[in-house]
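In what follows, a structure is listed as structure tokens, so that the remarks can point back to it.
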Amino acid sequence: MAFLFVLIVGLVAGTISGIVGTGSSIMLMPVLVYAYGPKEAVPIMAVASVMANFSRILAWWREVDWRACAAYSVTGIPAAVLGARTLLALPSHAVDLAIGIFLIAMVPVRHWLARHDLKANLWHLAVGGAVIGYLTGIVVSTGPLSVPLFLFYGLSKGAFLATEAASSLGLYFAKSVTFERFGALTGDVFMKGLIAGASLMSGAFIAKRFVLHLKPDVFRLLMDAIMVAAGLSMLWNATQSP
């Protein structure tokens, strides 16, 4: 039943993230923690995130802004490796606690960013890549931070979805390689990640037809609800850890 639940939530999460550019990790992570525990769930989600971002790139290949992607990735990839190494040194309950607090905290941060008409250039993307990359290595998703960064750069719709996905792909791939190198990404964990990732990929292609029809207000409310619910779930898991 847990396996089937992961697939169903993965399909829904992949569809939503394919529409709004983020949310798959936020929705799927609590399910993976429940099914496999936090230490396995994080590398599983890293593999699944590589596949999910790759599917968004395939869906919007012609729209990728490669200059923005390079500026973000050149600092973000090494920072993600450092963050992933930090994560592996943390106890399981600390992982749950950190992810839960981060997800809930991102709700007011996102609203603060939305109230300011900020503009970003390539240098801002490089600085943001370093900060967000490190956080990506530690927590499961930094979409609430990376999404506004690319929007402030001036990207929208297909170009935004493709470029954010291409930039995140390098970070999650580096994170996965780090997990493998330090023994956290075993063959069994990798297969679980492939299965979860396949459901996310399917959702991304389903989502393409809905991208132009989503109302911004609905998206914002949906993301706030998802992040608070997922964060509370992670905090609950942390209180149950020995």
**Message:** Quick check on segment 16-31. Is at least one of its residues modelled with pLDDT under 80, outside any helix (DSSP H, G or I) and over 14 Å from the mean Cα position of the chain (by Cα)?
**Reply:** no
**Asked** Mind checking whether some residue in segment 161-171 is in contact with a Ser or Thr (Cβ under 7 Å, 6 or more places away or on another chain), modelled with pLDDT of 80 or more and of a type in the set (Asp, Glu)?
**Response** yes
**Message:** If I filter segment 114-141 down to residues being among the β-branched types (Val, Ile, Thr) and either farther than 25 Å from VAL50 by Cα or assigned to a helix (DSSP H, G or I) (or both), which single residue comes out as modelled with the highest pLDDT?
**Reply:** VAL127
**Prompt:** Which of the residues that make up segment 29-46 are hydrophobic (A, V, I, L, M, F, W, C) and buried (at least 24 other Cβ atoms within 10 Å of the Cβ)?
**Reply:** MET29, LEU32, VAL33, ALA41, VAL42, ILE44, MET45, ALA46
**Prompt:** Failed condition for ILE77, given (1) aliphatic (A, V, I, L, M); (2) open to solvent by 40 Å² or more (accessible area, probe 1.4 Å); (3) touching a Leu at 6+ places or on another chain (Cβ under 8 Å); (4) farther than 19 Å from LEU185 by Cα, with all others met?
**Reply:** (4)
**Fill in**
Of (1) among the basic types (Lys, Arg); (2) modelled with pLDDT of 75 or more; (3) more than 23 Å from MET106 (Cβ to Cβ), LYS208 fails just (2)
**Message:** Just to be sure before I move on: is SER146 under 25 Å from ASP224 (Cβ atoms), open to solvent by less than 10 Å² (accessible area, probe 1.4 Å), outside any helix (DSSP H, G or I) and modelled with pLDDT under 85 in the structure I sent?
**Reply:** no
**Whichever residue in segment 174-196 is touching a residue at least 60 places away in the same chain (Cβ under 8 Å) and among the polar types (S, T, N, Q) and, among such residues, is surrounded by the fewest Cβ atoms within 10 Å (Cβ to Cβ)** = THR178
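The values are calculated or read from the model by the stated rules, or taken from the named source; none is laboratory data. Computed from a prediction, not measured in an experiment: that's the story for all the values here. Because the Cβ atoms are built from the backbone with ideal geometry, glycine has one as well, and the counts that use them run over all protein chains shown. Accessible surface is based on the protein model in full, side chains and every heavy atom, while ligands, DNA and RNA are left aside. Shrake-Rupley method; radii C 1.70, N 1.55, O 1.52, S 1.80 Å.
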